[in-house]
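Presented below is the structure to which this report refers.
The values are calculated or read from the model by the stated rules, or taken from the named source; none is laboratory data. These numbers come from a predicted model, not from an experiment. So basically every Cβ, Gly included, is an ideal-geometry build from the backbone, and we count neighbours across all protein chains shown.
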Amino acid sequence: MAAPMLRGCCPGRRWALACIDHSSRHGRGAPTGSRCSGKRGQSSVAPQHLATAGKLRKGEHEWAAVVGLEVHAQISSNSKLFSGSQVHFVAPPNSLVSFFDASLPGTLPVLNRRCVEAAVMTGLALNCRINKKSLFDRKHYFYADLPAGYQITQQRLPIAVNGSLAYSICVGAKRSQVINKTVRIKQIQLEQDSGKSLHDDLRSQTLIDLNRAGVGLLEVVLEPDMSCGEEAATAVRELQLILQALGTSQANMAEGQLRVDANISVHRPGEPLGVRTEVKNLNSARFLARAIDYEIQRQIRELENGGEILNETRSFDFKLGCTVPMRDKEGKQDYRFIPEPNLPPLLLYDSESLPAGADPQQVVNIDQIREQLPELPSVTREKLVQQYGMLPEQSLTLLNEVGLLEFFQNVIKETRAEPKKVTSWVLNTFLGFLKQQNLAVSESPLSPTRVGAGASSACSRNPVARHCWLGFSTVHTGIGHCIF
């Protein structure tokens, strides 16, 4: 059988399914829900970049993939959404828990103003319509780390709706072509985070830490306008940059401050959308892309072999590079949403509707928050292109690498070299050196002054001198062996 082609995915990408052929073991292909094959640490399938992508050859089958995302961002606030408990990533277990967080009888929620302002600012930055009246609901489900048996969220009338997120993808053999895309945002809602379940396999027990229970979350629901892992990962990275620029969330995925659920389905063009699966709790952009790409290929393979796709929840096994079933969602889980009886409607105002004599500390003014919006990443990139004459793809790299833009600006201040030369030096020589040594920008042994000197010297034109310069510069870290 010829490898199916996937229409609408990222430019330059084709889905090769032959490498996940399970027919020798199962006859009709791997059954849905079975654990994937492949060596540990490697993905069973890998998308290939081909120049002929998007062109169908005779006998090949066409598929379209649909990807939607639910992004949960932890709000940067000193206290939780409905209680005065402090928020810290590093704290002893169950040391930041109020009576309300533990769901003790007689406790009532008190809404955190900072969380409301963060939601409004995020909505404005994402071109959303801010609802002047929003409602809170109870979403019922039963986990050990959710002591109340329900989560307070905004299902009926969220705080912001109908927005959009623009992002850019670098494609081509040298990643030198920039394609601009936009994904619609269905809604942004405020909700509580749950606690943590810590599994002790040695003692066969599960421990509960409620420090995170009740922390304020922004759930950003992205419409299914994406078609592959690279698009989804790039959109999430852009959202992460926006949240960090706003200061509404630190959005550190390694610390669980930004978590993503992906909804994925495939179908034939012109036919109804297929049954979707949900891949939960993806905590890095790289794993998000890998999980989506694998799940798309798994679903196509299953359908090509006459199987069916189940409406189920899956997780991504990053060691095996595949998705595995978590729990069945067939029949659509009933969360039994009801209005939150302990919280009145959340009312927001603009300058025109603000009540006369209202206490500014007791109301949230949408127009006032709009005036406080900082410069967004898209504007920063445009300024870099105009001010320094760099290429759009170079401005993307400067912002996407944590700390690199600030480092670049410091290098510019420390040297008289042409900005274009500094840009090339920082993005090629300096960044390549960091990746070779597996270092973050903040861990660099090279100061902006030293990099500026290298960019303005003969090293920038002589590959041998450039190599020696890097060796001389890193002697004090133990990486190099030369003496400067």
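Tabulated data
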quantity	calculated
Residue list for the stretch 352-371, restricted to those being surrounded by 11 or more Cβ atoms within 10 Å (Cβ to Cβ) and among the polar types (S, T, N, Q)	S353, N365, Q368
Members of the stretch 199-220 that are among the β-branched types (V, I, T) and under 20 Å from P109 (Cα atoms)	V215
Residue in the stretch 223-245 that is of a type in the set (A, V, I, L, M), in contact with a Pro (Cβ under 8 Å, 6 or more places away or on another chain), closer than 20 Å to L81 by Cβ and touching a residue at least 12 places away in the same chain (Cβ under 8 Å) present	no
Residue pairs meeting the criteria (Cβ under 9 Å; at least 6 apart or on separate chains; first without any contact (Cβ under 8 Å) to a residue 60 or more places away in the chain and among the aliphatic types (A, V, I, L, M), in the stretch 417-438; second surrounded by fewer than 17 Cβ atoms within 10 Å (Cβ to Cβ) and not in a helix (DSSP H, G or I))	A417/S457; L434/A440
Condition met for L343 (surrounded by 12 or more Cβ atoms within 10 Å (Cβ to Cβ), under 30 Å from R114 (Cα atoms) and in contact with a Pro (Cβ under 9 Å, 6 or more places away or on another chain))	yes
Subset of the stretch 227-238 [of a type in the set (A, V, I, L, M, F, W, C), in contact with a helix residue (DSSP H, G or I) (Cβ under 9 Å, 6 or more places away or on another chain) and under 21 Å from V379 (Cα atoms)]	A233, V236
Breaking point among (1) within 22 Å of F337 (Cα to Cα); (2) crowded, with 17+ Cβ neighbours inside 10 Å, for V110	(2)
Which numbered condition S168 misses (of (1) surrounded by 16 or more Cβ atoms within 10 Å (Cβ to Cβ); (2) over 16 Å from C228 (Cβ atoms); (3) among the hydroxyl-bearing types (S, T, Y))	(2)
Segments classed as strands (runs of 3 or more DSSP E), wholly inside the stretch 153-268, with at least 1 members that are of a type in the set (K, R)	177-192, 196-200, 258-267
Residue within the stretch 295-310 that is in a loop (DSSP other than H, G, I, E, B), within 24 Å of the chain's Cα centre (by Cα) and at pLDDT below 95 present	no
Candidates P345, P374, P325 - the one that is modelled with pLDDT of 95 or more and farther than 30 Å from Q409 by Cβ	P345
Within the stretch 245-276, tally of residues that are closer than 18 Å to Q189 by Cα and either among the acidic types (D, E) or out of contact with any strand residue (DSSP E or B) (no Cβ under 6 Å at 6 or more places or on another chain) (or both)	5
Some residue of the stretch 331-341 being in contact (Cβ under 8 Å) with a residue 24 or more places away in the chain, part of a helix (DSSP H, G or I), touching a Phe, Trp or Tyr at 6+ places or on another chain (Cβ under 9 Å) and not aromatic (F, W, Y)	no
In the stretch 269-294, residue surrounded by the most Cβ atoms within 10 Å (Cβ to Cβ) [restricted to those that are assigned to a helix (DSSP H, G or I) and free of Cβ contacts under 8 Å to residues at least 60 places away in the same chain]	L288
Test result for E406, modelled with pLDDT under 95, on the phi < 0 side of the Ramachandran plot and of a type in the set (D, E, K, R)	yes
Failed criterion for A251 (all others in (1) surrounded by 20 or more Cβ atoms within 10 Å (Cβ to Cβ); (2) in the same structural domain as K80 (by TED's automatic domain parsing); (3) on the phi < 0 side of the Ramachandran plot hold)	(3)
Residue in the stretch 331-339 that is surrounded by fewer than 17 Cβ atoms within 10 Å (Cβ to Cβ) and basic (K, R) present	yes
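Table: residues versus (1) assigned by TED's automatic domain parsing to the domain that holds E238; (2) of a type in the set (S, T, N, Q); (3) within 25 Å of R286 (Cα to Cα); (4) part of a helix (DSSP H, G or I).
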{"site": "Q387", "(1), (2), (3), (4)": "no, yes, no, yes"}
{"site": "E393", "(1), (2), (3), (4)": "no, no, yes, yes"}
{"site": "Q409", "(1), (2), (3), (4)": "no, yes, no, yes"}
{"site": "N428", "(1), (2), (3), (4)": "no, yes, yes, yes"}
